[in-house]
Amino acid sequence: MGCGRVGSSLATELEAAGHTVSVIDQAREAFRRLGPNFKGRTVTGVGFDRDTLLEAGIQEADAFAAVSNGDNSNILAARVARETYGVQNVVARIYDPGRAEIYQRLGIPTVATVLWATDQILRRLVPEGSRSEWRDATGMVQLCEVHPHQDWYGRPILLIDDLTPARVAFITRLGEGQIPDEHTVLQQGDLIHVMVSDTDLARTEEILASTPEGERA
């Protein structure tokens with residue numbers, strides 16, 4: 001639901017991946033963003049209206065994304081999709097961070113646009129310490145993006161495994177994810193993602209904040 005910049009991009013990406021996609025928007029002209037090659041279904045209407053959802057094929061849907069520009073519409077549509085039609089994979093985009101937290105507690109997965117953007121900008125402005133990207137169901141292990149001391153660059157990435165309690169999961173280099181091996185050398189600009197237990201995170205940050213030589217000593 002929603003054929004703005006996010007909705008249209010999401011629809012075309014899903015279709016390119018081989019999925020069948022229906023797009024709902026109140027403004028018919030919004031569908032122009034999908035481009036001439038879009039083969040999915042377009043439905044003009046309100047995304048939480050049951051007749052509109054049925055026309056879009058909600059009864060056969062495996063997933064539903066509510067990404068219009070209205071928080072209330074998004075959360076209402078997401079709840080109808082899940083609670084009325086039993087769609088398992090549902091997500092709603094929410095602009096208000098306070099609301100997003102409430103709806104998460106109610107079991108509606110949300111993407112809090114403001115919080116996400118703030119987090120992404122902070123990662124560039126203050127590249128130090130770590131930022132959690134994923135946490136397991138027990139809350140004991142997390143995937144973190146870490147920012148080591150500049151002296152770690154130019155060294156083998158497996159040095160992180162040797163000198164810290166963490167394990168490197170992957171790196172992002174020039175916008176592409178890579179699984180490193182024993183030949184991978186850290187470069188300036190690499191984003192380093194590690195798996196680490198909650199109890200070892202502080203120690204990992206402390207080690208990465210200093211030079212590798214200091215830890216070897």
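Values as computed for the structure displayed
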read-out: Scan of the stretch 90-112 for residues that are modelled with pLDDT under 85, surrounded by fewer than 18 Cβ atoms within 10 Å (Cβ to Cβ) and not aliphatic (A, V, I, L, M), ordered by number; value: 96, 97, 98, 99, 101, 104, 105, 107, 109
read-out: Contacts under 6 angstrom Cβ, first residue in the stretch 27-44 being in the same structural domain as residue 16 (by TED's automatic domain parsing) and under 11 Å from residue 15 (Cα atoms), partner among the hydrophobic types (A, V, I, L, M, F, W, C) and in a loop (DSSP other than H, G, I, E, B), 6 or more apart; value: 40/21
read-out: Test set (1) over 24 Å from residue 111 (Cβ atoms); (2) surrounded by 14 or more Cβ atoms within 10 Å (Cβ to Cβ); (3) β-branched (Val, Ile, Thr) - residue 172 fails condition number; value: (1)
read-out: Residue 177 within 27 Å of residue 111 (Cβ to Cβ), out of contact with any Phe, Trp or Tyr (no Cβ under 7 Å at 6 or more places or on another chain) and of a type outside the set (A, V, I, L, M, F, W, C); value: no
read-out: Residues satisfying the stated conditions in the stretch 175-189, i.e. crowded, with 16+ Cβ neighbours inside 10 Å and within 11 Å of residue 148 (Cα to Cα); value: 186
read-out: Single residue of the stretch 1-25 satisfying the filter (within 20 Å of residue 52 (Cα to Cα) and in contact (Cβ under 8 Å) with a residue 40 or more places away in the chain) that is farthest from the chain's Cα centre (by Cα); value: 25
read-out: Failed criterion for residue 134 (all others in (1) modelled with pLDDT of 90 or more; (2) aromatic (Phe, Trp, Tyr); (3) surrounded by fewer than 17 Cβ atoms within 10 Å (Cβ to Cβ) hold); value: (1)
read-out: Cross-chain or 6+ apart pairs with Cβ under 7 Å, the stretch 190-205 first and on the phi < 0 side of the Ramachandran plot and surrounded by 14 or more Cβ atoms within 10 Å (Cβ to Cβ), then part of a strand (DSSP E or B) and of a type in the set (Phe, Trp, Tyr); value: 193/170
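The values are calculated or read from the model by the stated rules, or taken from the named source; none is laboratory data. In this text the structure is predicted, and so the values were computed from the model without any measurement. Methodologically, a virtual Cβ is constructed for each residue, glycine included, from the backbone with ideal geometry; neighbour enumeration extends over all protein chains shown.
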